[in-house]
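Report on the following structure.
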Amino acid sequence: MWYEKILFFFKNRELRNKFIFILFIFIVFRIAANIPIPGIGLENLKKFFAQNQVFGLLNIFSGGALSNFSIVLLGLGPYITSTIILQLLTMIFPVLEKMYKEEGEAGKKKFNQYARLLTIPLAAFEGYGLLALFQRQGVISPLSLPVLFSSIIIIVAGAMFLMWLGEIISEQGMGNGISLLIFAGIVANLPVNIFETFVTWDPTKIPSYILFFVSSVVIITGVVLITEARRNIPVSYSKRIRGSRMYGGVSTYLPLNVNPAGVIPIIFALSILLFPGTIAGFLSGVHGFVGNLADVLVGFFNNPWAYGILYFFLVIMFTYFYTAVTFDPKTVADNLQKMGGFIPGVRPGNSTAEFLKRILNRVLFTGAIFLGLIAVLPSVIVSLTGITSFAFLIGGTSLLIVVSVVLETMRQIKAQLQMREYDTF
């Protein structure tokens with residue numbers, strides 16, 4: 001029974017110590033997220049983040065570290081960005097692709113080291129950009145050169161510190177440390193939301209709360225189903241005789257995820273939508289053609305229907321784009337052929353690649369439509385219920401990250417339990 005596994009988990013000293021250690025890392029992360037960078041006034045920050053969509057989203061991912069202007073205000077953004085940049089560069093540089101895909105564990109370690117090194121200049125660039133932007137907008141007071149330089153050093157150190165915390169969590173074997181820290185940042189505001197709900201409790205809003213939480217349960221169920229959904233393609237392996245032993249002759253399947261791109265398409269679509277809208281907001285009011293164009297763009301992005309429809313189709317487009325970058329049917333077909341595998345009724349080689357491409361496009365259509373709906377659902381539910389708290393329960397990037405991290409962590413814990421159960425025999 002499930003409760004027996006929980007009891008076994010906490011009875012096992014090694015697993016219990018790992019759990020306590022990860023909780024300790026979360027506490028360290030939350031303390032760091034509330035230590036502000038010295039020498040910077042924070043009076044107008046809360047108001048700025050409440051009014052700006054793109055920075056409000058980044059603030060959610062950082063667990064409020066950005067609005068507090070803390071020493072870890074960038075969160076894990078620079079490290080994640082560096083990893084995505086290097087993954088995209090594998091399409092351009094064959095040496096990098098060979099390192100990442102063909103050199104095994106040693107290649108992955110070298111690739112990760114490059115990602116760590118790239119994180120440093122990215123963190124410095126993003127930190128300087130944020131400080132310059134906030135000074136220009138009057139959110140923070142002008143900084144002297146020594147204060148600016150020391151602030152950038154603190155920001156870079158904070159980003160590297162969080163990256164290190166994520167890696168030592170991963171070493172515990174209880175899940176991906178980077179994902180767990182992002183998860184902790186997203187759910188960090190949950191106690192505050194609960195407290196605000198009780199403080200501002202209005203009995204007339206009970207139907208709205210019921211509709212909100214029923215919708216959240218339905219949406220979370222759908223996210224779990226689509227995240228775990230697979231299209232299994234049967235694969236058979238021909239028999240091979242080496243010496244006196246026979247290999248192969250088995251049947252298995254090749255799983256294709258309904259949503260192989262994860263949350264990346266939503267992040268890409270948000271970047272495309274929010275960046276021009278933010279720039280237009282900064283240029284609005286300028287005289288001449290630039291100011292008029294900025295006013296038109298601000299009006300367009302403030303229209304919820306235009307924004308929602310464009311957002312929906314951008315998510316679908318980036319789902320196909322990112323899957324094309326990360327999944328190559330030709331490579332999969334070649335690997336199957338090298339290992340003596342084939343799909344029944346399909347010729348090996350190019351025919352297998354075309355078959356996989358056709359199946360993948362059909363599966364992706366369902367996943368892309370689902371991602372598009374999840375992306376726009378928060379705006380729809382909030383407009384229907386008027387409830388802005390607990391936003392991560394009703395869709396968007398936050399919900400996908402939370403569900404994915406919980407499912408992956410449960411799989412890791414289950415694997416750890418099975419190892420210990422085998423050891424007892």
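No value in this document is a laboratory result; all are computed from the given coordinates. Here the structure is a predicted model, which means the values were calculated and not measured. Here the Cβ positions follow ideal geometry from the backbone for every residue, glycine too, while neighbour counts run over all protein chains shown.
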- Backbone HN-Hα couplings from phi across region 10-20 [Karplus 6.51/-1.76/1.60, Hz, Gly and Pro as x]: 7, 6, 6, 5, 5, 5, 5, 5, 5, 4, 5
- Query: residue 313 to residue 157: extension gain in nm, 0.36 nm per residue of separation minus the Cα-Cα distance?
  - Reply: 52.3 nm
- Amide H to amide H, which residues 5 or more places from residue 257 or on other chains are under 5 Å from it, using H placed in the peptide plane? 231
- Query: What residues qualify as long-range amide H neighbours of residue 235, i.e. H under 5 Å apart, gap of 5 or more or another chain, H built at 1.01 Å from N?
  - Reply: 252, 253, 254
- Item | In order through region 353-364: 3J(HN,Hα) via Karplus (6.51 cos²θ - 1.76 cosθ + 1.60), integer Hz, x for Gly, Pro | 4, 5, 5, 5, 5, 5, 5, 4, 4, 5, 5, 4
- Task: Report the calculated FRET efficiency for residue 5 and residue 292 (r = Cβ-Cβ distance, R0 = 51 Å), to the nearest 0.05.
- Result: 0.20
- Message: In whole Hz and in residue order, list the ³J(HN,Hα) couplings for region 97-104 that follow from phi through the Karplus curve 6.51 cos²θ - 1.76 cosθ + 1.60, θ = phi - 60°; x for Gly and Pro.
- Response: 5, 5, 4, 6, 9, 10, 9, x
- Task: Report relative contact order for region 1-188 in percent, whole number only (criteria: Cα-Cα under 8 Å, sequence separation at least 6).
- Result: 27 percent
- From the cross-link list 18/338; 98/357; 5/108; 18/98, which pairs have alpha carbons spaced over 30 Å apart? 18/338; 5/108; 18/98
